[in-house]
């Protein structure tokens, strides 16, 4: 029984230590954004890496998500004689929920894992220690551009996902099932309001913050992770943990934001 309580206490202390370490990492990174010197080129490079190089996967995923929504939406609405609301169903599903969530999950898989592995390898090979020895703030030099780029890029990728998804739903509804094109767009125009767009925007901003924060923090604290350690195996394990934790955080915060804004 004593060993059980010891294990519970050890796990609780480890959880609190990890939460405090990640909170400190976020605070130092956020504060470093406002410290001079202000350089645009590192942020632009991260915008290209996180955003521009994710465009193809966003277009591909958004197209087929919209097509599936059009297919399933038509099948469901046709039972109730409400096919004219297909545009509303597709647009609201994408703008409020699927657009921000699926965009964040795709970016986590493509860029979040790479961010964690990059920072983890730099920590593993003592490059971050070398920066500190040269009096270069690693939070300002490495982390701040990534965090700022994530917050800028996710809303743009989400908007792109929404637009291409709506066109995918239009392609299936009008091209495959001969739904009236005017009813498709008119239903979308009359049902989508600023509150729906605001919810998708808030979600994408928070998801961009979460995925960069968690990925970079897990890589930065590689030498402190129980499942990590040094070497290639440690980097791979911590990268896997970062992807899983980021994905779970996106889904949890998706519910919390929806509950607060509805």
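The values are calculated or read from the model by the stated rules, or taken from the named source; none is laboratory data. All figures in this text were calculated on a predicted structure; none of them were measured in a lab. All Cβ positions, glycine included, derive from the backbone under ideal geometry; neighbour counts span all protein chains shown.
From (1) over 30 Å from residue 75 (Cβ atoms); (2) in contact (Cβ under 8 Å) with a residue 60 or more places away in the chain; (3) surrounded by 15 or more Cβ atoms within 10 Å (Cβ to Cβ), pick out the condition that doesn't hold for residue 137.
Of the numbered conditions (1) over 30 Å from residue 75 (Cβ atoms); (2) in contact (Cβ under 8 Å) with a residue 60 or more places away in the chain; (3) surrounded by 15 or more Cβ atoms within 10 Å (Cβ to Cβ), the odd one out for residue 137 is (3).
Could we say that residue 183 is at pLDDT below 95, surrounded by fewer than 18 Cβ atoms within 10 Å (Cβ to Cβ) and farther than 28 Å from residue 52 by Cβ here?
yes
Whether any residue in the stretch 217-225 is touching a helix residue (DSSP H, G or I) at 6+ places or on another chain (Cβ under 9 Å), more than 23 Å from residue 49 (Cα to Cα), buried (at least 17 other Cβ atoms within 10 Å of the Cβ) and in contact (Cβ under 8 Å) with a residue 12 or more places away in the chain is what I want to check.
Yes: one or more hits.
A quick yes/no check of all residues on (1) within 30 Å of residue 187 (Cβ to Cβ); (2) touching a helix residue (DSSP H, G or I) at 6+ places or on another chain (Cβ under 8 Å); (3) assigned to a loop (DSSP other than H, G, I, E, B); (4) modelled with pLDDT of 90 or more:
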residue	(1), (2), (3), (4)
110	no, yes, no, yes
115	no, yes, no, yes
128	no, yes, no, no
132	no, yes, no, no
136	no, no, yes, no
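For a quick check of your reading of the model, give me the residue pairs whose first member lies in the stretch 79-101 and is in contact (Cβ under 8 Å) with a residue 24 or more places away in the chain, whose second is crowded, with 18+ Cβ neighbours inside 10 Å and outside any helix (DSSP H, G or I), with beta-carbon atoms closer than 6 Å and at least 6 apart or on different chains.
Close Cβ pairs satisfying both conditions: 83/179; 86/179; 91/192.
When you scan the stretch 70-81, how many residues do you find that are under 14 Å from residue 178 (Cα atoms) and surrounded by fewer than 18 Cβ atoms within 10 Å (Cβ to Cβ)?
Qualifying residue count for the region: 3.
Taking the stretch 152-185 as the search range and keeping residues that are outside any helix (DSSP H, G or I) and in contact with a helix residue (DSSP H, G or I) (Cβ under 6 Å, 6 or more places away or on another chain), which one is farthest from residue 83 (Cα to Cα)?
So the residue we want is 177.
Among the residues of the stretch 231-238, are any out of contact with any strand residue (DSSP E or B) (no Cβ under 6 Å at 6 or more places or on another chain), surrounded by 15 or more Cβ atoms within 10 Å (Cβ to Cβ), within 18 Å of residue 142 (Cβ to Cβ) and at pLDDT below 90?
Yes, the conditions are met somewhere in the stretch 231-238.
Would you call residue 157 over 23 Å from residue 23 (Cβ atoms) and surrounded by 23 or more Cβ atoms within 10 Å (Cβ to Cβ)?
yes
When you scan the stretch 186-198, do you find a residue that is over 21 Å from residue 96 (Cβ atoms), modelled with pLDDT under 90, part of a helix (DSSP H, G or I) and over 18 Å from the mean Cα position of the chain (by Cα), even just one?
no
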